[in-house]
Amino acid sequence: MLAVCALLLWLLLLLHRSVTDWAGLGSLVETFLPWFGLFVPVLLAGALWRRSASAVVALLLPAIVWFSLFGGLLHDKSHQDGDLTVVSHNVGAANPDPVGTARDLAASGADLLALEELTDQARSAYGNALATAYPYHTVQGTVGLWSKSPLSGTRPVDVQPDKTGPLEPPRALRTTVTTGKGPLVVYVVHLGSVRVMPRGGYWTNTRDTGAAKLAEAVAADPGERVVVLGDFNGGLDDRALSGLTAQLRSAQEVAGDGFGFSWPATFPMVRIDHILVRGVEPRSAWLLPATGSDHRPVAAGISW
């Protein structure tokens, strides 16, 4: 039985893209895929207790696949140098201290600061608290970007399902940052939330539609250097984000230390906040201390 469980775990890790997405099952599995590695030591303990050589040998298969998928995240790949520091944070609609959150984020020294889930009530608080450190900023709906360098060509990006009812505030924007080394295209995005529904399973429709639209926009973007950052409401192993990961690199995977789990802030279990790049080189990636939000801020240093 232990050997059979080891083989099933191996097949799950190896063929996770083949898991049915009925009721969002495949997406849910891929969101928490790194945690399936914990079954290896649990099964190993059982195999040693039962003195089962076949189970121990079978456990080599899932262990090898897990390390091939995630082993590269277990060591620090960061460097100290970088031309630009970017930070992304879902500040949380229920954040009780937006001024304190803004103060903490400004203290990071980031050149670009992307905020998601901005509410009408808190928008002015963030704007006032960040005005001194960031003379340039833009807000489109519920997302915004604060910058130490000029911005131009700002416009909202449609990442919402087509509806016949009232229009909702934009959840994504595109702008161009003027830097000393040339223009940098920046997308700030907050993809639709996912929900566990009593009768519908793991509901991801809004998120999936937004991810597909964002992937199309980025693919058509003529910008040579592009940074896409925000709350994606999904891990990068999630099949719904494959359109983005096929054309962009994750700063955390290239230059981070560990998995960089960002949600929930009290005990992070998944990384759903990402910094993805094209045409620039990630040099470092890290998490900032928790704020009043239920997300941890994510940061990266990039270079030309």
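Every number here is computed from the coordinates shown, using simple stated rules; none is lab data. None of the values given here were measured: they were computed from a predicted structure. Because the Cβ atoms are built from the backbone with ideal geometry, glycine has one as well, and the counts that use them run over all protein chains shown.
Points to keep in mind about this one:
- Most positive-pole-ward Cα, F261, V228, T178, against dipole of the chain from beta carbon charges: F261
- Electrostatic bookkeeping for A220 treats Lys and Arg as +1 and Asp and Glu as -1; over the other residues with beta carbon under 13 Å from its beta carbon, the sum is 0.
- Working note: Debye formula, equal point scatterers on the alpha-carbon atoms of the stretch 58-209, no solvent; log10 I(q)/I(0) at q = 0.15, 0.21, 0.22 Å⁻¹ is -0.93, -1.27, -1.32.
- P(r), alpha carbons of the stretch 2-73 - 10 Å bins starting at zero, rounded %: 21, 48, 26, 5
- Comparing mean-square fluctuations of L229, L14, L28 from a GNM of the chain with C-alpha springs under 10 Å, the top value falls on L14.
- The stretch between N205 and T20, if pulled fully straight at 0.36 nm per residue, gains 65.1 nm over its current Cα-Cα span.
- Taking every DSSP beta bridge that has both ends in the stretch 179-304, the antiparallel portion is near 75%.
- The stretch 80-176: chymotrypsin sites (Phe, Trp or Tyr not before Pro) in DSSP loop, at most 16 other beta carbons within 10 Å: none
- Ranked D237, D231, D83, criterion: other C-beta atoms within 10 Å, fewest first: D83, D237, D231
- Note on the stretch 1-143: Kirkwood radius taken over Cα pairs, Stokes-Einstein applied at 4 °C and 1.567 mPa s, translational D equal to 67 µm² s⁻¹.
- With a Förster radius of 35 Å applied to the beta-carbon distance between W304 and T119, the computed FRET efficiency rounds to 0.50.
- Longest DSSP-loop-exposure-free segment, trypsin sites (Lys or Arg not before Pro), the chain, at most 13 other Cβ within 10 Å: 52-162
- Shape call, the stretch 172-304: gyration tensor on alpha carbons, a/c limit 1.5: oblate
- Between R103 and S149, residue separation times 0.36 nm minus the direct Cα-Cα distance comes to 14.7 nm.
- Magnitude of the charge dipole, the chain, Cβ model with Lys/Arg +1 and Asp/Glu -1, debye to 20: 400 debye
- Relative packing of peptides 58-64, 113-119, 215-221 - highest average C-beta neighbours within 10 Å first: 113-119, 58-64, 215-221
- Given charges at Cβ of Lys, Arg, Asp, Glu: the chain dipole, positive-most of S54, A94, S303: S54
- Estimated vicinal HN-Hα couplings, Hz - the stretch 17-30 in sequence order (Karplus 6.51, -1.76, 1.60; Gly, Pro = x): 5, 8, 5, 4, 9, 4, 6, x, 4, x, 5, 5, 4, 6
- Spread of Cα-to-Cα distances over 20 Å intervals beginning at zero, given as percent, for the chain: 32, 54, 13, 1
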